[in-house]
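Student: Next up is a structure, given as structure tokens.
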Amino acid sequence: QVQLVESGGGLVQAGGSLRLSCAASGRTFSTYSMGWFRQAPGKERTFVAGISRFGVTVYRDSVEGRFIISRDNAKNTVYLQMNSLKPDDTAIYYCAADRLWYGSSWSRVDYWGQGTQVTVSS
């Protein structure tokens, strides 16, 4: 069992930055692929970024070049650095973990975090 706890969300003006963190419980964090998803009001949850257990990263097109996903296996934590934020980035951001690596097409998720709200004002 893995528990994921996100933090770092908040309100920021367009053009600003935020860094989300996701702390994972358990001693097998390094063996999991980790991802960030987001869900805007009235919309489906969608993939944002992923990082394999070997450090391979992928991003959705709309955040490529603005967001950076990284992981610190010693701290059991995955991060999402979000720069040049836009109002369209407003959503609840969820951390995800899975034993397999799907690239940008995650077909399943073993574990979800509870989410953290990110609001970008114009």
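Please treat every number below as a calculation from the coordinates, not as lab data. Just so it is clear, the structure is predicted and the values come from calculations on it, not from any experiment. Here the Cβ positions follow ideal geometry from the backbone for every residue, glycine too, while neighbour counts run over all protein chains shown.
Student: Let me know the longest stretch in the chain that avoids all trypsin sites (Lys or Arg not before Pro) found in a DSSP loop with at most 10 other C-beta atoms within 10 Å. Let's see the in-between values first.
Tutor: Details: sites that count: Arg27, Lys43, Arg108.
In short, 44-107.
Student: Relative contact order of segment 7-56, please, whole-number percent, based on alpha carbon pairs below 8 angstrom and at least 6 residues apart.
Tutor: Normalised by residue count, the contact order of segment 7-56 is 26 percent.
Student: Normalised by the residues of segment 1-121, what does the relative contact order come to in percent, with Cα pairs under 8 Å and at least six apart?
Tutor: 36 percent
Student: For every other residue with a beta carbon closer than 13 angstrom to the beta carbon of Asn73, add +1 if it is Lys or Arg and -1 if Asp or Glu, then tell me the sum.
Tutor: Result for the local shell: +3.
Student: Can you tell me the length gained on complete extension of the stretch Asp72 to Ser107, counting 0.36 nm per residue apart and subtracting the Cα distance?
Tutor: 10.2 nm
Student: To continue, here is another question. Counting other Cβ atoms within 10 Å of each Cβ, which chymotrypsin sites (Phe, Trp or Tyr not before Pro) in segment 1-80 have at most 16 and sit in a DSSP loop?
Tutor: Hits after loop and neighbour filter: Phe54.
Student: So what's the gap between the Cα centers of segment 25-100 and segment 1-24, to the nearest angstrom?
Tutor: Here the answer is 10 Å between Cα centres.
Student: Just need log10 I(q)/I(0) for the chain at q = 0.11, 0.16, 0.21, 0.23 Å⁻¹, Debye formula, equal scatterers on the alpha-carbon atoms, no solvent, rounded to two decimals.
Tutor: At q = 0.11, 0.16, 0.21, 0.23 Å⁻¹ the computed log10 ratios are -0.31, -0.68, -1.18, -1.40.
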